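Working notes, structure below.
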Amino acid sequence: MSSLRLLLSDSHDPWFNLAVEECIFRQMPATQHVLFLWRNADTVVIGRAQNPWKECNTRRMEQDHVRLARRSSGGGAVFHDLGNTCFTFMSGKPDYNKSISTAIVLDALASLGIPASASGRNDLVVSTPQGPRKVSGSAYRETKDRGFHHGTLLLDADLSRLANYLNPDQKKLQAKGITSVRSRVANLTELLPGITHQQISDAISTAFFRHYGEQVAPEVISPDNTPDLPGFSDTFARQSSWEWNFGQAPAFSHTLDERFSWGGVELHVDVEKGRITRAQVFSDSLNPAPLEALAEQLPGVEYRSNTLEQQCLALIARFPDQTAELGELAGWIARAVR
């Protein structure tokens with residue numbers, strides 16, 4: 001069996017690609033070196049320990065049909081579109097060494113006439129007349145007998161959209177977890193106009209083969225042509241689930257407040273694993289009973305826009321005289337946590 005494996009994804013589904021990555025990483029022989037090249041369409045990818053509500057503009061993402069994907073490695077939040085090329089290098093130990101994979105990517109860029117260098121925590125930078133600019137960010141994961149290094153290269157990403165999704169609404173969240181570090185970035189097309197995903201994939205593959213002195217045929221995969229990976233469907237189901245992408249957020253608290261014609265409302269919720277664990281409501285409404293009932297029934301409920309909206313609307317059966325107020329409250333809460 002060859003010591004190398006090259007996988008190329010034809011899918012732009014982030015959950016599919018991350019599920020493939022996870023399965024390959026768990027199941028690869030520790031003697032193998034794997035290179036996986038892929039792209040995601042319109043996705044915010046967050047690190048394993050991040051809170052999406054704190055890191056992302058989840059409301060704008062929902063409006064624009066941008067997916068959220070939580071990866072299994074650490075690090076910060078990034079926006080992917082088809083102007084990004086994603087790479088993953090996997091090796092067993094003791095051969096796993098992220099400086100080797102970094103050198104392979106730098107070699108690939110140099111072969112295209114792009115001088116770049118490693119910088120800072122996990123970045124590759126190029127020199128521009130405006131100073132150094134980040135063109136690649138990486139994250140890493142290790143287990144006792146293997147490790148991976150994955151990252152993105154900015155080819156022709158729509159950088160104006162980064163701000164749309166990575167600048168969160170100013171929700172009143174008290175949140176723990178890893179906060180993203182923002183960097184000044186540039187696209188490789190600014191240095192090499194017309195560079196394509198195919199070109200950079202070929203260059204990285206060639207540098208990978210050159211480093212290991214061996215060449216293998218690529219395995220092209222897609223949802224219609226999945227690799228033979230035991231447990232893939234279960235891994236994909238988990239990767240695409242709300243419970244993983246949102247529910248794995250570190251614990252946080254959220255204070256919501258609004259003034260309506262019938263009174264002011266202040267709602268405090270504590271959230272763990274994506275579910276409300278505690279709720280308190282304060283109001284100067286002349287009839288606070290529906291609000292008190294809402295606070296009593298929220299613990300255990302998922303911190304999701306439509307779920308909380310339904311919790312409010314369900315109270316109408318108990319408090320029909322407050323139908324209009326509960327409708328207003330439901331709409332407000334849905335908007336506030338989206």
Excluding same-chain pairs closer than 8 in sequence, count the lysine pairs in the chain whose Cα atoms lie under 28 Å apart. 14
For the chain, what is the accessible area per residue in Å², given a 1.4 Å probe and the full set of protein chains? 45 Å²
Given the protein chains as shown and a 1.4 Å probe, how many square angstrom of Lys273 are accessible, to the nearest 10? 130 Å²
What are the ³J(HN,Hα) values, in whole Hz, obtained from phi via the Karplus relation 6.51 cos²θ - 1.76 cosθ + 1.60 with θ = phi - 60°, for each residue of the range 276-288 in sequence order, with x given for Gly and Pro? 6, 9, 8, 9, 9, 10, 10, 7, 9, 4, 6, 10, x
Return the sequence-ordered ³J(HN,Hα) values of the range 101-118 in whole Hz as given by the Karplus equation 6.51 cos²θ - 1.76 cosθ + 1.60 applied to θ = phi - 60°, using x for Gly and Pro. 5, 4, 4, 5, 5, 4, 5, 4, 5, 4, 5, 8, x, 10, x, 9, 9, 7
For the Cα atoms of the chain, what angle does the longest principal axis make with the long axis of helix 323-337, in degrees from 0 to 90, nearest 10? 20 degrees
Calculated from DSSP H runs of 4 or more alone, at -39500 (n - 2.57) each and per residue, what is the 222 nm mean residue ellipticity of the chain, nearest 500? -9000 deg cm²/dmol
Label-point separation, Ser241 to Asp321 (7 Å along Cα→Cβ), nm: 4.4 nm
Neighbour net charge for Asp42 - beta-carbon separation under 10 angstrom, K R +1, D E -1: -1
Hey, with R₀ at 22 Å, roughly what FRET efficiency would Ser3 and Arg48 work out to, going by the Cβ-Cβ distance, to 0.05? 0.15
Rel. contact order, % - alpha carbon contacts under 8 angstrom, at least six apart, the chain: 18 percent
hull vol. (C-alpha, convex hull) per residue for the range 207-338, Å³ -> 176 Å³
Taking Cα atoms, the helix 197-212 axis meets the longest principal axis of the chain at an angle in degrees (rounded to 10) of 60 degrees
Per-pair calculated FRET efficiency, R0 = 56 Å: Ala289 and Asp64 via Cβ, rounded to 0.05: 0.90
With the full set of protein chains in place, find how many percent of the accessible area of the chain is carbon and sulfur; take the probe as 1.4 Å. 50 percent
The range 216-236 and the range 250-269: distance between their alpha carbon centers, rounded to Å: 45 Å
At R0 = 45 Å, FRET efficiency that the Cβ-Cβ distance of Asp10 and Glu272 yields, to 0.05: 0.70
Non-local residues with an amide H under 5 Å from the amide H of Ser241, with H modelled 1.01 Å from N and Pro and chain starts lacking one, are none
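The values are calculated or read from the model by the stated rules, or taken from the named source; none is laboratory data. Because the structure is a prediction, the values reported are computed rather than measured. Here Cβ is always computed from backbone atoms with ideal geometry, including for glycine, and neighbour counts include all displayed protein chains. Ligands, DNA and RNA are stripped out before the accessible areas are found, and what is left, the full protein with its side chains, is counted by its heavy atoms. Shrake-Rupley method; radii C 1.70, N 1.55, O 1.52, S 1.80 Å.
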